[in-house]
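Take a look at the structure set out below.
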């Protein structure tokens with residue numbers, strides 16, 4: 001699979017951003033650039049896939065005057081507007097961990113730039129003097145500061161499984177005593193991307209002071225561990241071992257190439273153990289060099305004490321790799337056979353076993369021609385039932401015998417060899433790890449989201465037989481079928497403990513927390529290439545839920561036209577909405593409710609959709625929802641919708657201010673005394689449209705108290721003023737009026753506007 005991706009520069013001064021997109025695992029070797037083979041004073045644009053995408057080609061040039069060591073060359077990024085952005089887009093793979101490292105001397109900026117909206121990570125030398133790192137879409141303070149005359153080494157450790165990264169910052173040329181990140185577990189800017197496809201750098205944003213930034217020694221590596229690729233050995237006391245080879249490997253055990261000379265520390269748990277880079281002449285060493293451009297290094301070991309010492313090979317200074325560990329066996333000089341092979345091996349698959357006969361001085365016994373017996377010595381587990389395919393052999397030539405044999409079980413064993421006629425002549429190989437060739441993974445379908453179900457995993461050898469001694473931890477991962485992704489998808493437990501396996505089988509109860517169709521992938525944690533997938537399994541919701549709120553306090557019904565929420569959710573076994581549910585629900589409800597007949601959930605719903613509902617008519621209603629694929633349905637409780645009328649009580653008043661009573665009554669004309677929440681405005685209609693009448697209730701909502709509202713209306717002249725309640729609900733309205741005159745209600749009540757009319761007629 002190949003998807004497009006970008007690497008973007010950002011930051012106030014100088015920043016590294018890595019943008020990625022999803023891809024299948026691919027073996028990728030290291031990348032290194034120190035600019036020493038580039039011509040000075042020449043743009044980097046167009047050289048070895050480098051490109052300047054902003055700021056002009058002449059502003060990203062190879063420089064031979066400013067470097068971390070004072071020799072060689074670096075890349076100068078000159079201040080300009082717009083800011084220079086330069087990068088190298090290539091497919092760097094998605095191996096975890098991926099290490100990205102570079103050395104930088106930063107310019108001085110005057111402004112801070114926002115965290116990019118795409119990519120993996122960003123590091124910026126901020127105008128404030130602090131070194132900042134992206135944590136998702138925001139900057140975080142690393143606790144480190146910088147000065148413009150200092151070179152700094154920046155290292156990012158990317159994990160494409162968790163979409164997180166660790167950041168290491170140090171002064172160039174000053175090795176850290178302990179390799180500890182200044183910030184760890186930082187979130188990718190875009191957590192959907194899973195592949196490194198570009199790195200980039202940018203110049204200062206609104207430069208101030210030092211104008212140019214310099215970068216050098218850029219590397220992308222995938223080293224996860226140091227690993228012995230030769231089996232542990234049985235060595236005669238004071239004798240010299242065979243070659244011991246240690247290799248650089250990524251997480252998937254693929255060999256990696258050194259981008260520089262790496263110093264390795266050699267240690268033994270035996271105080272009498274010694275190391276040498278060569279067998280002849282022997283020279284005691286405690287450190288060796290794994291040379292640049294190589295993948296492994298070989299050394300030799302000898303020990304004057306018998307026992308089972310553990311040899312450790314570790315990088316110096318520390319770089320965050322896993323140490324290589326291997327136990328050796330030191331036997332008295334009377335041992336007679338040297339037995340060697342490689343590890344790991346595949347259960348049931350033939351491999352080469354070398355057996356060398358030795359005399360009492362540890363030299364090859366070229367005259368040996370006897371028969372030997374071979375046996376599996378169980379190491380982990382310490383017992384077993386399977387045997388080697390060859391248990392007796394002969395045919396030594398020049399003291400050596402090569403056998404092609406297999407062992408049908410998993411686990412760790414050593415192979416013992418003894419002379420058939422003289423049991424005192426013995427020898428043993430080192431520990432050999434045997435892996436199953438694959439798994440079988442089975443579970444019934446369909447299942448319920450987040451509900452436990454039985455999963456069976458079987459470890460098998462090359463012939464398809466169970467491997468009873470398999471006791472390794474196995475990781476469970478979803479392989480998405482539909483939908484093709486699901487954030488937060490996980491099994492609980494996510495790991496099958498090796499102790500769960502019995503007779504090569506593991507049967508356990510697991511749960512999966514997302515909706516859809518997947519395959520369950522099982523992979524050996526230490527050897528991920530040993531893996532298998534189940535057939536397709538559907539995960540259905542546990543239930544559909546429909547809920548409506550209780551009416552406002554004081555009543556057990558809603559008004560016609562009153563808006564209230566109806567929630568439809570699709571839930572898992574824990575009664576929680578399923579975040580990635582994107583299926584359909586069929587909705588059955590009265591046509592008086594404004595609900596669709598069906599709804600397709602989208603990713604923004606997170607398994608729960610809120611509908612705003614109101615009724616156009618009175619009645620008792622329910623809402624039903626059904627998820628057709630799993631045939632799950634639910635119905636809300638009944639809710640009642642009633643009519644009500646807002647009634648304005650007519651009144652008369654002298655010109656001035658008066659109080660108006662407004663009531664809320666039911667269909668029988670009774671005041672709804674329980675209403676204490678409904679708010680309304682009023683509209684005034686004047687007999688003479690000259691804005692002489694006014695009321696605060698035209699602009700400030702007033703609330704019913706026990707079903708009634710009292711408002712004040714003022715007028716400066718005699719006239720009829722209509723009072724019309726205003727509400728967004730579909731309630732009936734019975735408008736009223738106030739009649740303003742010259743005298744009070746008990747007086748004559750002659751209207752001013754009528755008097756004016758009579759005077760006007762007399763004038764005619």
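Derivation of every value follows stated rules applied to the coordinates shown; laboratory data play no part. Keep in mind it's a predicted model, so treat the numbers as computed, not measured. As a convention, Cβ positions derive from the backbone with ideal geometry for all residues, glycine included, and neighbour counts pool all protein chains shown.
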In whole Å, what is the distance between the alpha-carbon centres of segment 600-652 and segment 275-344? 75
Residue order, fewest to most beta carbons within 10 Å, for 285, 86: 285, 86
Between residue 267 and residue 519, what length in nm is gained on full extension when 0.36 nm per residue of separation is reduced by their alpha carbon distance? 86.3 nm
When the helix-only estimate is applied to the chain (DSSP H runs of n ≥ 4, each -39,500 (n - 2.57), divided by the residue count), what is the mean residue ellipticity at 222 nm, nearest 500 deg cm²/dmol? -500 deg cm²/dmol
So in the chain, what percent of DSSP beta bridges are antiparallel if you round to the nearest 5? 90
Pop a pseudo-label 7 angstrom from the Cα along the beta-carbon direction at both residue 287 and residue 635 and give the gap in nm to one decimal. 8.1
Please rank 680, 331, fewest neighbouring Cβ atoms within 10 Å first, as an exposure proxy. 331, 680
Spin-label model distance (nm) - residue 728 vs residue 689, 7 Å beyond Cα toward Cβ: 2.8
Hey, quick one: spin label on residue 622, modelled 7 Å out along Cα-Cβ, who in segment 565-606 has an amide N within reach, i.e. under 13 Å? 588-590
Segment residue 495-residue 526, extension gain: residue separation times 0.36 nm, minus the distance between their alpha carbons: 9.9 nm
In terms of the Cα gyration tensor, with a ≥ b ≥ c the square roots of its eigenvalues, is the chain rounded because a/c is under 1.5, prolate because a/b exceeds b/c, or oblate? oblate
So for segment 15-221, using the alpha carbon gyration tensor with a ≥ b ≥ c as root eigenvalues (a/c under 1.5 gives rounded; past that, a/b versus b/c decides prolate or oblate), I'd call it rounded
When only alpha-carbon atoms are used, what values of Rg and Dmax, in angstrom, describe segment 645-752? 14.0, 41
When 402, 227 are arranged by how many other beta-carbons sit within 10 Å of their Cβ, fewest first, they go 402, 227
Label-to-label distance, nm, for residues given as residue 392 and residue 657 (7 Å Cα→Cβ offset): 12.2
Two-site FRET efficiency, residue 364 against residue 260, from Cβ-Cβ distance with R₀ of 41 Å, rounded to 0.05: 0.55
Rounded to 0.05, the calculated FRET efficiency for the beta carbons of residue 54 and residue 185 at R₀ = 51 Å is 0.95
Can you compute the FRET efficiency between residue 404 and residue 502 using 1/(1 + (r/R0)^6), with r the Cβ-Cβ distance and R0 = 41 Å? Round to the nearest 0.05. 0.85
